[in-house]
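Colleague: Quick one: the structure is below, questions incoming.
The values are calculated or read from the model by the stated rules, or taken from the named source; none is laboratory data. All of these numbers come straight from a predicted model, not from anything done at the bench. FYI the Cβ positions are ideal-geometry reconstructions off the backbone, even for glycines, and counts take in every protein chain you see. In case anyone asks, the SASA skips ligands and DNA or RNA and just uses the protein heavy atoms, side chains included. Shrake-Rupley method; radii C 1.70, N 1.55, O 1.52, S 1.80 Å.
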Amino acid sequence: MAYKDLHEFVQRLEKEGELRRINAEVDSELEIAEITDRVSKKHGPALLFENVRGSSMPVLMNAFGSEKRMAMSLRVERLDDIAAEIIDILQIADNAPQSMLDKVKILPRLAQLSSFMPRMAKNGSCQEVVDDNPSLDKIPVLKCWPGDAGRFITLPQVYSKDPENGKRNVGMYRLQVFDRRTTGMHWHMHHDGASNYRKNASRGRATEVAVALGGDPAITYAATAPLPKDIDELIFAGFLRRKPVDLVRCRTVDLEVPADAEIVLEGYVDPVERRIEGPFGDHTGYYSLADEYPVFHVKCITHRKNAIYPATIVGKPPQEDCYMALATERIFLPLLKFQLPEVVDMHLPMEGVFHNCVLVSIKKAFPGHARKVMSSLWGMGQMMFAKFIVVVDEGVNVQNVSEVMWKVFNNVDPRRDTMIVEGPLDVLDHSAPLPFYGSKMGIDATKKWPAEGHNREWPEDIRMSEEIIALVDQKWSDYGID
């Protein structure tokens, strides 16, 4: 079921009418970005730019830029199908088999899970061409916005290892191209890659890094997933693609990368050297500010003979990163509900650029339950970055932002129903008085109980009777309205 590589995914997109080939000559500086931004805003197709000035490599953009294509990239009909599989696994973990018969029944499922481990291959298409005298100028890296400090690699899988236990980390961290052999390494302090770097730097050692571009899109998505620190992203990718990821050893660093990636950059991050990186037009819709970051030195570039350069543009939503965030919302909801069973549904609206706002519905069971959920969420991984958490009752559709706001504007007494706390924030939050740290607000938009200090009668929502709804549904064509 898995895509072997990015080329297979492109073929599938084209077959489904989800891809447009652009034959006109285009410039990687601003022009490709402007075309893609217009298409993204109109919820248009993936774009393959086949004639990029100064490069023999085509550029793939907007490949994840709709809910349909995001599901296609993971080989499912709906993103919630993956969530259903995760629920199945969690139920096995939560209901340990007691009898021998029960244990025998789950053996096939456990065997399937064990098959997701990555495996080594003797060779891979990512090393068809090996360049030991590399130049990043051969790759059509984009400059996306006029205020960007330069060209940025925007869809990389960045591989590094923890020097203490050797565990692999794969993350997606943008890379500003400084010159033909060096880039910035945009590791925020909260990133696991940055932790590996700090551990190496404390020992006075460089951090070996490999940057893979392309391959099965499930691997690209896995690099963005908010997994617990010790969960291997490639095992998760194997689960998503229902097949283990084939790896090959890099030529110049002690790391493994997907065998069927399009392009691989091998090198190291110096333990001391830092350079100004940015500004960069970011997914918040604002330019993230320039700051000092570590420097990645490229020692070798390998690639396929017919490599496609995959890239993305971020900025004011909607962009394709919105749909990658939607995948995260749906895929990781079961894990959230496993820890907080009272949660019914969750939504990360694009207006909140994924991490600024969380809408959550709950089965309210006791006074202050909404505040308990807020506090729990702020203590869970990357949820700590949520600047606003809105909690509503289970009957509210959190996928409908207008419905949630109706509840907020009508159900909330500001003094009683808001909770302001302080804690860590995402580095991209420019409104916080200090970098990485500031205030967050929880809003309880649930129906209030007398035990919560609301002794007045709470009105019922206006709803039509089910009988009349059914009657009108049956007779609708008779009315001649449409």
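Colleague: Select from the stretch 397-433 the residues that are in contact with a Phe, Trp or Tyr (Cβ under 9 Å, 6 or more places away or on another chain) and among the hydrophobic types (A, V, I, L, M, F, W, C) and list them in ascending order.
Modeller: Val421, Leu425, Val427, Leu428
Colleague: Related question: Got at least one residue in the stretch 270-282 being assigned to a loop (DSSP other than H, G, I, E, B), out of contact with any Lys or Arg (no Cβ under 7 Å at 6 or more places or on another chain) and crowded, with 22+ Cβ neighbours inside 10 Å?
Modeller: Taking every residue of the stretch 270-282 in turn, at least one turns out to be assigned to a loop (DSSP other than H, G, I, E, B), out of contact with any Lys or Arg (no Cβ under 7 Å at 6 or more places or on another chain) and crowded, with 22+ Cβ neighbours inside 10 Å.
Colleague: Within the stretch 356-387, count every residue that is in contact with a helix residue (DSSP H, G or I) (Cβ under 6 Å, 6 or more places away or on another chain), open to solvent by less than 10 Å² (accessible area, probe 1.4 Å) and under 26 Å from Thr284 (Cβ atoms).
Modeller: 2
Colleague: Hey, another quick one. Considering only the stretch 283-292, I want to know if a residue exists there that is over 21 Å from the mean Cα position of the chain (by Cα), open to solvent by 50 Å² or more (accessible area, probe 1.4 Å), closer than 30 Å to Trp145 by Cα and of a type in the set (Phe, Trp, Tyr).
Modeller: The answer is no, given that none of the residues of the stretch 283-292 is over 21 Å from the mean Cα position of the chain (by Cα), open to solvent by 50 Å² or more (accessible area, probe 1.4 Å), closer than 30 Å to Trp145 by Cα and of a type in the set (Phe, Trp, Tyr).
Colleague: Mind counting the residues in the stretch 189-209 that are part of a helix (DSSP H, G or I), open to solvent by less than 10 Å² (accessible area, probe 1.4 Å), among the aliphatic types (A, V, I, L, M) and in contact (Cβ under 8 Å) with a residue 12 or more places away in the chain?
Modeller: Going through the stretch 189-209 one residue at a time, the tally reaches 0.
Colleague: Let me ask another. Residues that are closer than 26 Å to Ser73 by Cβ, in contact (Cβ under 8 Å) with a residue 40 or more places away in the chain and of a type in the set (Gly, Ala, Ser): which helices (runs of 4 or more DSSP H) entirely in the stretch 312-416 hold 1 or more of them?
Modeller: 320-339
Colleague: Let me ask you something else. Looking only at the stretch 423-481, which residues are in a loop (DSSP other than H, G, I, E, B), aromatic (Phe, Trp, Tyr) and exposed (fewer than 12 other Cβ atoms within 10 Å of the Cβ)?
Modeller: Trp458
Colleague: Of all the residues that make up the stretch 8-58, how many are polar (S, T, N, Q) and loosely packed, with under 15 Cβ neighbours inside 10 Å?
Modeller: Here the count works out to 4.
Colleague: Please find, among Ala218, Ala307, Ala212, Ala237, the residue that is part of a loop (DSSP other than H, G, I, E, B), among the aliphatic types (A, V, I, L, M) and either at pLDDT 95 or above or open to solvent by less than 10 Å² (accessible area, probe 1.4 Å) (or both).
Modeller: Sole residue among the options that is part of a loop (DSSP other than H, G, I, E, B), among the aliphatic types (A, V, I, L, M) and either at pLDDT 95 or above or open to solvent by less than 10 Å² (accessible area, probe 1.4 Å) (or both): Ala307.
Colleague: Looking only at the stretch 136-155, how many residues end up being open to solvent by less than 40 Å² (accessible area, probe 1.4 Å), among the small types (Gly, Ala, Ser) and either in contact (Cβ under 8 Å) with a residue 60 or more places away in the chain or in contact with a His (Cβ under 8 Å, 6 or more places away or on another chain) (or both)?
Modeller: Adding up the residues that qualify gives 1.
Colleague: Search the stretch 453-482 for residues that are β-branched (Val, Ile, Thr) and pair each with any residue that is open to solvent by 100 Å² or more (accessible area, probe 1.4 Å) when their beta-carbon atoms are under 6 Å apart and the residues are at least 6 apart or on different chains.
Modeller: none
Residues are listed down the side, and each one gets a yes or a no for (1) in a loop (DSSP other than H, G, I, E, B); (2) modelled with pLDDT of 95 or more:
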residue	(1), (2)
Arg12	no, yes
Ala24	yes, yes
Ile32	no, yes
Leu47	no, yes
Ala71	no, yes
Arg78	yes, no
Ile92	no, no
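Colleague: Which residues, counting only those in the stretch 156-188, are assigned to a loop (DSSP other than H, G, I, E, B), open to solvent by less than 10 Å² (accessible area, probe 1.4 Å) and of a type in the set (A, V, I, L, M, F, W, C)?
Modeller: Within the stretch 156-188, Met185 is the sole residue that qualifies.
Colleague: Collect the residues in the stretch 310-347 that are open to solvent by less than 30 Å² (accessible area, probe 1.4 Å) and of a type in the set (A, V, I, L, M), keeping them in residue-number order.
Modeller: Within the stretch 310-347, Ala311, Ile313, Val314, Met324, Ala325, Ala327, Ile331, Leu333, Leu336, Leu340, Val343, Met346 qualify.
Colleague: Quick one: in the stretch 409-422, which of the residues that are more than 25 Å from Ser288 (Cα to Cα), among the hydrophobic types (A, V, I, L, M, F, W, C) and open to solvent by less than 70 Å² (accessible area, probe 1.4 Å) is farthest from the chain's Cα centre (by Cα)?
Modeller: Residue satisfying both the conditions and the ranking: Val412.
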